[in-house]
Amino acid sequence: MPRIVVVSPPFASHAVPLATLARSLGARGAEVFLACAEEFAHLAQGDGVRFIPLTVTRNANTGVAEATRQPLEEAARLGEFLEATRAGAVPTLLTQARHRRADMLADPEGVLRKLRALDERLRPDWYVTDQLSFAVTLALHCMGAPYATFCPGHPTYLPAGPEAYFGVPYDWPRALRPDEKDADRLLVAARENDRAFTDMYHAFVRRHVPSAPLPPRAFALASPHAVVHGYPDLPWLPRPIGGPARLFAGHMVPPHSPPLDSAWSSRLERLRRSTDRIVLVAFGTFLSARDDVLRTVIEGVLKGLPDTGVIAAAGQRSPALADLEGDRAVVAATVPQQGLLHHVDAMVHHGGGNSFTECLRAGLPALVLPFSSDQFAVARDAERLGAGIVADPNTLKHVEVRTALDDLRGLVGDGARGGTSQLRSRGPRWAAGHLLSVMAERAPGR
């Protein structure tokens, strides 16, 4: 069995699924190391996975972005990003495009130096790295090291063709389609980023390994062997021609998720005594900061749906929403989302890839409120699949919350049921098995 180093950026929404994949590889007999920031050492527990401290970026998110200690410059960028989400989809994506160079290709020389030292010490047969860890992918390319790519979000994060650009949704949900002028502005910014990043990659490769091939496009650089998607294989997704094996795992939920503890079981029992239906509300590790939208959703439930209770994850903003707590509402900083999905009736989420796939696996319909990144593409997939209703979080009203959650009662259709069936038949163990097969077939000499 191969020796594999799984390299993760220090972001909870990426490190948790990557650690799940690492444990699944270990359970199938591989010798696995999880390399990440010290705060994530606890994820390397079970199935023989060992932890290696490795920092590959300046910013971090250990579970609630606002609560994570950041350098001042990174904290300022986070604040600017959150403010941009209030202005709408295109302003947010334009802000993210402007931040991308500092966020995603910080200190590539330092990352290359660290990975070369790690490679010399461990001599792994393979690496697995997050597709959004651009500096890691660039370093592995320069090192000529065999690696697999893990794509944590929407599959189109890897552009499928020459007219596809990182940061531009392949399609938009009906409620958030931009006008032609805004769409053109976003496309221009994405093209400029594409050229700028590709030029930086070329300069870096020429400087460090002149004999290495130059990547045709920076954002499309990925493993030539295998890409693991923590996403379902939906028939309408854009398809690249040729290239590596594409392993659509469907989701990255561990095979045996821990049960709810007594405190959460008690909260659920209290809600069930007062309601017939429970809705889970969670906007991920960054967007819980949008407590204005959280308030609109919770109040929309409490004022418009007397048979419905709500559980909301509000991060650092939970004290600001404490006035809403009562017999029909629980507000907490964090929630055990994977465990709760088996005990609630619907979810309101931000279109994050983990939330979408976890809801689909659980067979739960969702109200999707996308704010940024790939969430617009994920929301469009939920809409097309019949697994969710999409609304604009910045214009959301109480009545829309009530109407959408009422409509969700009978929403899940044949497409969503088919997606649920596919997800339940796959997952991290399926991905690990297929990935190890690819590694065995394509094991390059080093």
query: (1) over 17 Å from the mean Cα position of the chain (by Cα); (2) farther than 24 Å from HIS256 by Cβ; (3) not in a loop (DSSP other than H, G, I, E, B): which one isn't true of LEU396, the others all being true?
result: (3)
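Counting only residues that are surrounded by fewer than 22 Cβ atoms within 10 Å (Cβ to Cβ) and in contact (Cβ under 8 Å) with a residue 40 or more places away in the chain, which one in the stretch 375-386 is nearest to VAL90 (Cα to Cα)? Walk me through it before giving the result.
Keep residues of the stretch 375-386 that are surrounded by fewer than 22 Cβ atoms within 10 Å (Cβ to Cβ), which gives 383-384, 386.
Next, only the ones that are in contact (Cβ under 8 Å) with a residue 40 or more places away in the chain stay: 383-384.
Numbers: GLU383: 20, ARG384: 21 Å.
Restricting to residues being surrounded by fewer than 22 Cβ atoms within 10 Å (Cβ to Cβ) and in contact (Cβ under 8 Å) with a residue 40 or more places away in the chain, the top hit is GLU383.
Does ALA320 fit the bill of being more than 25 Å from the chain's Cα centre (by Cα), at pLDDT 95 or above, surrounded by fewer than 16 Cβ atoms within 10 Å (Cβ to Cβ) and more than 21 Å from HIS343 (Cα to Cα)? Lay out the reasoning, then the answer.
On the way: more than 25 Å from the chain's Cα centre (by Cα): yes; at pLDDT 95 or above: yes; surrounded by fewer than 16 Cβ atoms within 10 Å (Cβ to Cβ): yes; more than 21 Å from HIS343 (Cα to Cα): yes.
Yes: the conditions hold for ALA320.
Quick check on VAL188: is it hydrophobic (A, V, I, L, M, F, W, C), in a helix (DSSP H, G or I) and out of contact with any strand residue (DSSP E or B) (no Cβ under 8 Å at 6 or more places or on another chain)?
Against the criterion (hydrophobic (A, V, I, L, M, F, W, C), in a helix (DSSP H, G or I) and out of contact with any strand residue (DSSP E or B) (no Cβ under 8 Å at 6 or more places or on another chain)), VAL188 qualifies.
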field: Within the stretch 61-89, tally of residues that are under 12 Å from ALA289 (Cα atoms), in a loop (DSSP other than H, G, I, E, B) and at pLDDT below 90
entry: 1
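How many residues, within the stretch 2-21, are in a helix (DSSP H, G or I) and of a type in the set (A, V, I, L, M, F, W, C)? Break it down stepwise before answering.
Keep residues of the stretch 2-21 that are in a helix (DSSP H, G or I), which gives 12-21.
Still in the list and also of a type in the set (A, V, I, L, M, F, W, C): 12, 15-16, 18-19, 21.
Summing the residues that are in a helix (DSSP H, G or I) and of a type in the set (A, V, I, L, M, F, W, C) in the stretch 2-21 gives 6.
Here are some residues: ALA160, ALA183, ALA203, ALA145. Which one is out of contact with any His (no Cβ under 8 Å at 6 or more places or on another chain) and either buried (at least 20 other Cβ atoms within 10 Å of the Cβ) or closer than 23 Å to LEU25 by Cα (or both)?
On the way: ALA160 fails: either buried (at least 20 other Cβ atoms within 10 Å of the Cβ) or closer than 23 Å to LEU25 by Cα (or both); ALA183 fails: either buried (at least 20 other Cβ atoms within 10 Å of the Cβ) or closer than 23 Å to LEU25 by Cα (or both); ALA203 fails: either buried (at least 20 other Cβ atoms within 10 Å of the Cβ) or closer than 23 Å to LEU25 by Cα (or both).
Step by step, each of ALA160, ALA183, ALA203, ALA145 is checked, and only ALA145 is out of contact with any His (no Cβ under 8 Å at 6 or more places or on another chain) and either buried (at least 20 other Cβ atoms within 10 Å of the Cβ) or closer than 23 Å to LEU25 by Cα (or both).
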task: Go through the stretch 292-311 residue by residue and tally those that are touching a strand residue (DSSP E or B) at 6+ places or on another chain (Cβ under 7 Å) and surrounded by fewer than 16 Cβ atoms within 10 Å (Cβ to Cβ).
output: 1
- prompt: Is it fair to say ARG206 is under 25 Å from ARG380 (Cα atoms) and at pLDDT 95 or above?
  reply: no
- request: Give PHE40, PHE11, PHE51 a once-over and let me know the one that is within 23 Å of ASP374 (Cβ to Cβ), out of contact with any Pro (no Cβ under 8 Å at 6 or more places or on another chain) and assigned by TED's automatic domain parsing to the domain that holds LEU435.
  value: PHE11
- prompt: Among the residues of the stretch 22-60, how many are in a strand (DSSP E or B), surrounded by fewer than 18 Cβ atoms within 10 Å (Cβ to Cβ) and aliphatic (A, V, I, L, M)?
  reply: 1
- prompt: Based on what the data block shows, is PHE371 touching a Ser or Thr at 6+ places or on another chain (Cβ under 7 Å), closer than 26 Å to ALA15 by Cα, modelled with pLDDT of 95 or more and among the aromatic types (Phe, Trp, Tyr)?
  reply: yes
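The values are calculated or read from the model by the stated rules, or taken from the named source; none is laboratory data. Predicted model only: the values in this text are computed from it and were never measured. Neighbour counts run over all protein chains shown; Cβ positions are idealised from the backbone, glycine included.
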